[in-house]
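Visitor: Structure provided below as structure tokens; questions to follow.
The values are calculated or read from the model by the stated rules, or taken from the named source; none is laboratory data. Since the structure is predicted, the reported quantities are computational estimates derived from the model, not experimental observations. Reconstructed Cβ throughout: ideal geometry from the backbone, glycine too, with neighbour counts over all protein chains shown. What goes into the accessible areas is simple: the full protein's heavy atoms, side chains included, and nothing from ligands, DNA or RNA. Shrake-Rupley method; radii C 1.70, N 1.55, O 1.52, S 1.80 Å.
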Amino acid sequence: MSSPLRAVGQALLGSFLVLAGVAHLTFARTEFRAQVPPWFPADADLVVLVSGVVEIAVGAALLLVWRHPARAVVGLVTAALFVAVFPGNIAQLTEHRDAFGLTSDTSRAVRLLFQPVLVVWAVWSTGAWRWWRRRRVPPPEQHP
């Protein structure tokens, strides 16, 4: 895959996160509150507000940071964000809670399948996986 394709992927993901973050704070706030599991030990509205700010910050970082290693770090943080919200998505399925038009267990289950796609998108588009592997592999020994 080419570097321009990765850049487009990174920009699209960043734009998506900024929009989602703005939605958390404004027009979709009620829908996002419905996704916070009732057992989560924090006020649902506060969770939605904080997660919206985090999504805007991460999305903006994806749109602004293009040089390694910072770009890769932003990719890893983005992937971690997607992993962090996964339990809430599982809870939405197992607790049969409707939000964002997900009104059946089938639709909620299909949504779960896209969470790993978002994780892969974050690490692929930012080159985080390649950066992490190069960083962890010791350089080959040179013989005189």
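Visitor: What pairs come out if I take residues in region 48-60 that are closer than 18 Å to Pro38 by Cα and touching a residue at least 60 places away in the same chain (Cβ under 8 Å) and pair them with residues that are open to solvent by less than 50 Å² (accessible area, probe 1.4 Å) and of a type outside the set (D, E, K, R) whose C-beta lies under 7 Å away, six or more apart or interchain?
Guide: That search, which allows pairs on different chains as well, returns nothing.
Visitor: Which condition number in (1) farther than 19 Å from Leu19 by Cα; (2) among the basic types (Lys, Arg); (3) modelled with pLDDT under 95 is the one that Arg71 fails?
Guide: Result: Arg71 passes all but (3).
Visitor: Need at least 3 residues that are farther than 26 Å from Arg97 by Cβ per element, so show me which helices (runs of 4 or more DSSP H) inside region 1-85 make the cut, counting only ones lying wholly within it.
Guide: Once the helices (runs of 4 or more DSSP H) in region 1-85 are filtered for at least 3 residues that are farther than 26 Å from Arg97 by Cβ, what remains is 3-25, 44-64.
Visitor: A further question follows. May I ask you to list pairs of residues, at least six apart or on different chains, whose Cβ atoms are under 7 Å apart, with the first in region 17-37 being under 22 Å from Pro87 (Cβ atoms) and the second being polar (S, T, N, Q) and at pLDDT below 95?
Guide: Between residues of region 17-37 that are under 22 Å from Pro87 (Cβ atoms) and residues that are polar (S, T, N, Q) and at pLDDT below 95, the close pairs are Gln35/Gln92.
Visitor: Considering only residues that are farther than 13 Å from Val83 by Cβ and without any contact (Cβ under 8 Å) to a residue 12 or more places away in the chain, look in region 109-128 and name the one that is farthest from the chain's Cα centre (by Cα).
Guide: Checking each candidate, the answer is Val110.
Visitor: If you don't mind, another one. Restricting attention to region 77-100, report how many residues are in contact (Cβ under 8 Å) with a residue 24 or more places away in the chain, of a type in the set (A, V, I, L, M) and either farther than 18 Å from Ala11 by Cβ or open to solvent by 60 Å² or more (accessible area, probe 1.4 Å) (or both).
Guide: Total meeting the criteria: 4.
Visitor: Does Val85 satisfy the condition of being under 19 Å from Ala23 (Cβ atoms), of a type in the set (Val, Ile, Thr) and modelled with pLDDT of 95 or more? Break it down into steps so the answer makes sense when it comes.
Guide: Working: under 19 Å from Ala23 (Cβ atoms): yes; of a type in the set (Val, Ile, Thr): yes; modelled with pLDDT of 95 or more: no.
No.
Visitor: Look at Thr26 and say whether it is farther than 22 Å from Ser125 by Cα, modelled with pLDDT of 95 or more and not aliphatic (A, V, I, L, M). If you could, list the steps in order and put the result at the bottom.
Guide: Details: farther than 22 Å from Ser125 by Cα: yes; modelled with pLDDT of 95 or more: yes; not aliphatic (A, V, I, L, M): yes.
Spelling it out, Thr26 is indeed farther than 22 Å from Ser125 by Cα, modelled with pLDDT of 95 or more and not aliphatic (A, V, I, L, M).
Visitor: Can you confirm whether region 18-37 contains a residue that is under 14 Å from the mean Cα position of the chain (by Cα) and closer than 30 Å to Arg133 by Cα?
Guide: Yes, region 18-37 contains a residue that is under 14 Å from the mean Cα position of the chain (by Cα) and closer than 30 Å to Arg133 by Cα.
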